[in-house]
Amino acid sequence: MPDKFDNQHSPEVIAVLGGGAMGTACATVLAQNCRHSVRLWVRNPTFAAHIDETRENSRLLPGVRLPDAVQVSDDSAVVLHEATIGLICIPTKGIRSTCELIGPVLAPSTLLVSAVKGIEVDTLSRPSQILQELLGNRPVVALGGPCHAEELARGKPTSVVAACDKLPHAEHVRDALSGETLRVYSNGDLQGVELGGALKNVIAIAAGICDGLKLGDNAKAGLITRGLAEMTRFCRTMSVAPETLYGLAGIGDLIATCGSQHSRNRHVGDLLGQGWKLTAIEESMSAVAEGVLTARSVRSLARQHQIEMPIVEVVCHVLFDGRSPQAATEDLMQRPLKAE
């Protein structure tokens, strides 16, 4: 038995697209694997130059040094040149504008990997669907699971799942990205992994509201459990394999996002519970909380498919309809009694 992680997978040229915390973290850990040539695309030229010079994303991931081997550029053509894997680490709302920039220079052979966890508001499309619409009907692998950038970048043990409806592509990404501190599993349920990653963000906002209102452990545990029930109902309607939600992209990510100090979605809910308005919360944050817009998307899909999702409904009422967190909590507690 080897003392260290033993991976004989051939070296890759990996283009990490996105200069946020997750993009920086992924570039850091993949470069530390010492097998791959890693490049980081940062869209803003000034910010790209700052990261390249200081080797630190001081705004979103302070205190983490980006390895010298990582090439940083605002030029997508440079970053994607001969890339075998394109790892997309941007918010859902930025996918379309990103595709406009990378489409002309993206090689047909580059395997796209999406670390995006959301559902587009206007089209109700998953990230892989948007990528395939704009960049051709090519395979897309989705990454899911509990993976906070702050811990990933600092070498904390992290396990995620790579999913694709063409399983060999998921297995390729699994083998390419795994290292001593990052363990990747493979899965053939692309839709399930994407939906799990999107849905848990909405439940995490509700869990944060519990924290902000100081409702206690009983309330939060009950909320998370019933949130999982809503996720399961939703995914069952969408023909997602149940075991996907019982894995890293479902329960695993739900636990981390609802409980972690690093969770932006839980943080949004916490401040809502304390009485903050959404506009003030968003102005105070330097990063995007995907669950805010995804809540609206999930509510639309749930109503369209007649799926009962009371937690999602009350989260939307608090975010967009002016309902107070206290009143929303009462709404949930006073619902008609039923069997579990």
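Here is the list for region 159-260: trypsin sites (Lys or Arg not before Pro) lying in DSSP coil, each with at most 14 other C-beta atoms within 10 angstrom of its C-beta, are LYS166, LYS214.
Given the -39500 (n - 2.57) contribution per DSSP H run of 4+ residues, what per-residue ellipticity at 222 nm results for the chain, rounded to the nearest 500 deg cm²/dmol?
Only helices count here, giving -14500 deg cm²/dmol.
Can you tell me how region 64-212 classifies by the Cα gyration tensor, rounded, prolate or oblate, using a/c under 1.5 as the rounded cut? Rounded shape, in that the Cα axes give a/c under 1.5.
For each of THR257, THR237, THR28, count neighbouring Cβ atoms within 10 Å of the residue's Cβ, then give the residues from fewest to most. Walk me through the numbers before you get to the answer.
Working: THR257 28, THR237 13, THR28 25.
Result, fewest neighbours first: THR237, THR28, THR257.
Around the amide H of GLY19, modelled in the peptide plane, lie the amide H atoms of ARG43, all under 5 Å away and 5 or more residues distant in sequence or on another chain. Listed cross-link partners LYS200/LYS220; LYS117/LYS277; LYS93/LYS117; LYS117/LYS220; LYS214/LYS277 are compared with a 21 Å cut-off, the Cα-Cα value being larger for LYS117/LYS277; LYS117/LYS220. To the nearest ten degrees, helix 291-304 and the longest principal axis of the Cα atoms of the chain are 60 degrees apart. Taking chymotrypsin sites (Phe, Trp or Tyr not before Pro) across region 198-278, the ones in a DSSP loop with at most 16 further Cβ atoms lying within 10 angstrom of their Cβ are TYR246, TRP276.
Among residues other than ASP122 with Cβ under 12 Å from its Cβ, the summed charge is +2 (Lys and Arg +1, Asp and Glu -1).
Region 168-212 and region 214-282 have Cα centres separated by 14 Å. The amide H of ASP189, built 1.01 Å from its N in the peptide plane, has CYS164 as neighbours under 5 Å, considering only residues 5 or more places off or on other chains.
Throughout, read-outs are computed from the coordinates displayed, never taken from laboratory work. Worth saying up front: this structure is predicted, and the values here are computed from it rather than measured. We place every Cβ from the backbone using ideal geometry, glycine too, and count neighbours over all the protein chains shown.
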